[in-house]
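Note sheet for the following structure.
The values are calculated or read from the model by the stated rules, or taken from the named source; none is laboratory data. The shown structure was predicted, so the numbers you read here are calculated from the model rather than taken from an experiment. With ideal geometry, Cβ positions are generated from the backbone for all residues, glycine too; neighbour counts draw on all protein chains shown. Quick note on the areas: whole protein, heavy atoms, side chains included, nothing else; ligands and nucleic acids left out. Shrake-Rupley method; radii C 1.70, N 1.55, O 1.52, S 1.80 Å.
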Amino acid sequence: MLIVKKFGGTSVADKDRIFNVAKRCIRDYEAGNDVVVVLSAMGKYTDELIAKAKDINPNPPKREMDMLFTIGEQMSVSLMAMAMAQLGVRAVSLNAFQVPMRTTSAYGNARLKKIDTERIRRELDDRKIVIVTGFQGVNKYDDYTTLGRGGSDTTAVALAAVLHADACEIYTDVDGVYTADPRLVPTARKLESISYDEMLDLAALGAGVLHSRSVELAKKYGVQLVVRSSLNESEGTIVKGVGKKMERMLISGVALDREADRISVIGIADVPGSAFKLFHTLAKNNINVDIIIQSVGRDGTKDISFTVPHNNLDEAVELLNNCKDQLGFDHIEYNCDVVKLSVVGSGMMSHPGVAAKMFECLYNENININMIATSEIRITVLIPEKDALRAMNAVHDAFGLAE
Ligand code: ADP
Ligand code: ASP
Ligand code: MG
């Protein structure tokens, strides 16, 4: 068997954990498997690198950020190879250049384009454990890029896909995927399995346990994932195509996204094409928009409100203000003290009343809803940040998800 095993920052945070991971990988290797290990930077090292960069320059060039980020993952993989050598096992660490893993050129948010498997295959054939840096890639200028925060999951799934791995295991600091972040909702329950689509929505809507693009890739290439703890032997959660049992699940989880901000474009011309021009301007600059609300037109103008990720707020406001004449609006307002709360579940499709139940629950908690968005399998509301935890716990328990 060929197994890809990915370990997040907490799982390799110190010497003991590095040896713990090394031993876990060696166990599979000694059972006769080919083992490819993907690692994140140790502990909160990536955050520390950001702090160091911002201390020098509050607005550092993105290319240089990626250059800096790569040392985090490089430290983990080399130390892991040393730990394995210390335990008497042949291992080799590889960074994105050595693999090589090619990406698009967007620094800080690159997408994997092509992974060469020859070097990895050669090392595996030579009976080595191959340890690869997560999160990083190389673009057409031969510069380092990164895949976005939490991107090591995506590296692991992409490697599993191109190597046709028999298993892809994502090891983290919780026992699997829960009905809500167990650190925020004490009654959250671990799921035995979850469908790609539900996991994709949960991840995209704030459940940081998996990078959402890793789930997208897993679905596209049919890579079955297991999310489990590196700190114990519990079974974890399987992420896969829809099975019979899963179809009965009305709601699979609740997700909170604290990174959403609201922008309102006030007094935009109420004519065909104004929404297109507005969102085209943002899309051209790679800014993702989520919930959108347009008011009814009045006196030839209307208001359009939408949410953007917090780290795009300044850029989005600037872009729109630069196009003020062309877009023909009066002014822009924005609000950062809001969060997105979502319930996700494929059973919703055939069960009316899920939205009403969520709104009733928020009403009972006296929480005001700013915006609403729905799809076949999710309902999202924008609510004040101060109510986030209370709302999340109430909604989670109202849908009977509590243990
Ligand atoms: P890693 O460093 O291993 O990649 P992350 O911090 O990226 O770990 O992801 C694990 C964290 O995801 C958990 O500690 C947990 O707080 C958070 N999380 C958010 N939503 C969920 C969920 N639905 N199920 C499990 N964990 C979740
Ligand atoms: N080290 C990177 C981060 O902290 C990538 C990852 O952990 O997946 O975002
Ligand atoms: Mg992660």
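Accessible area per residue for region 249-379, computed on protein heavy atoms with a 1.4 Å probe, is 51 Å².
Can you send over the carbon and sulfur percentage of the accessible area for region 100-168, probe radius 1.4 Å, protein chains only? The computed percentage sits at 44. Between Met1 and Arg122, the simple spin-label model (points 7 angstrom out along Cα→Cβ) gives 2.9 nm. Across region 386-391, rounded Karplus estimates of 3J(HN,Hα) from the backbone phi angles (6.51 cos²θ - 1.76 cosθ + 1.60, θ = phi - 60°) give 5, 9, 4, 5, 4, 5 Hz, Gly and Pro being marked x.
Region 336-403: D in µm²/s via Stokes-Einstein (Kirkwood Rh, Cα pairs, 10 °C, 1.306 mPa s)? D, rounded to a whole number, is 131 µm²/s. Using C-alpha pairs under 8 Å with a sequence gap of at least 6, the mean separation divided by the residue count of region 124-179 gives a relative contact order of 23 percent.
For region 263-383, the share of alpha carbon pairs falling in successive 5 Å distance bins from zero is 2, 10, 20, 19, 17, 13, 11, 6, 2, 0 percent.
Counting only Cβ charges, +1 for Lys and Arg and -1 for Asp and Glu, the dipole size of region 292-387 around its Cα centre is about 400 debye. As a fraction of the 1.4 Å probe accessible area of region 188-304, surface on carbon and sulfur atoms comes out at 50 percent. Counting Lys and Arg as +1 and Asp and Glu as -1 over every other residue whose Cβ lies under 14 Å from the Cβ of Asp28, the net charge comes to +3. Counting only residues at least eight positions apart within a chain, or on another chain, the lysines with an alpha carbon under 24 Å from that of Lys54 are Lys44, Lys62. Extension gain for Ile56 to Arg298 (0.36 nm times residue separation, less C-alpha to C-alpha distance): 82.3 nm. Reported to the nearest whole Å, the Cα centre-to-centre distance from region 376-394 to region 132-209 is 23. Rounded to the nearest 10 degrees, the angle from helix 354-364 to the longest Cα principal axis of the chain is 70 degrees. Applying 1/(1 + (r/R0)^6) with r as the Cβ-Cβ distance of Ile369 and Glu318 and R0 = 25 angstrom yields a FRET efficiency of 0.30. Considering only Phe329, Met75, Pro100, the residue lying farthest towards the positive end of the dipole of the chain is Pro100, judged by Cα position with unit charges set on Cβ.
Put a dot 7 Å past the Cα of Met67, heading toward its Cβ, do the same for Ala355, and the two dots end up 5.0 nm apart. Sequentially through region 272-289, phi angles give Karplus couplings (6.51, -1.76, 1.60; θ = phi - 60°) of x, x, 5, 5, 4, 4, 4, 6, 5, 4, 6, 4, 4, 9, 6, 9, 7, 10 Hz, Gly and Pro residues having no value and appearing as x.
Of the peptides 169-179, 299-309, the order by per-residue mean of other Cβ atoms within 10 Å, starting with the highest, comes out as 169-179, 299-309. Counting only other residues whose beta carbon sits under 13 Å from that of Leu382, what net charge do I get with K and R as +1, D and E as -1? Residues close to Leu382 contribute a combined charge of -4. Heavy-atom surface analysis with a 1.4 Å probe gives region 1-72 a carbon and sulfur content of 53 percent of its accessible area.
Residues in region 338-351 carry Karplus couplings, in order, of 10, 10, 9, 10, 10, 10, 10, x, 6, x, 4, 3, 9, 10 Hz; the curve used is 6.51 cos²θ - 1.76 cosθ + 1.60 with θ = phi - 60°, and Gly or Pro positions show x. Under a model in which nothing but the beta-carbon of Lys, Arg (+1) and Asp, Glu (-1) is charged, region 41-91 shows a dipole of about 80 debye around its Cα centre. Of the listed residues Tyr107, Tyr221, the order by accessible area with a 1.4 Å probe, largest first, is Tyr221, Tyr107. Between Val132 and Val37, Val38, Leu39, Leu94, the built amide H atoms are under 5 Å apart, and every one of these is 5 or more places off in sequence or on another chain. Solvent-accessible surface (1.4 Å probe) assigned to Glu360 amounts to roughly 100 Å².
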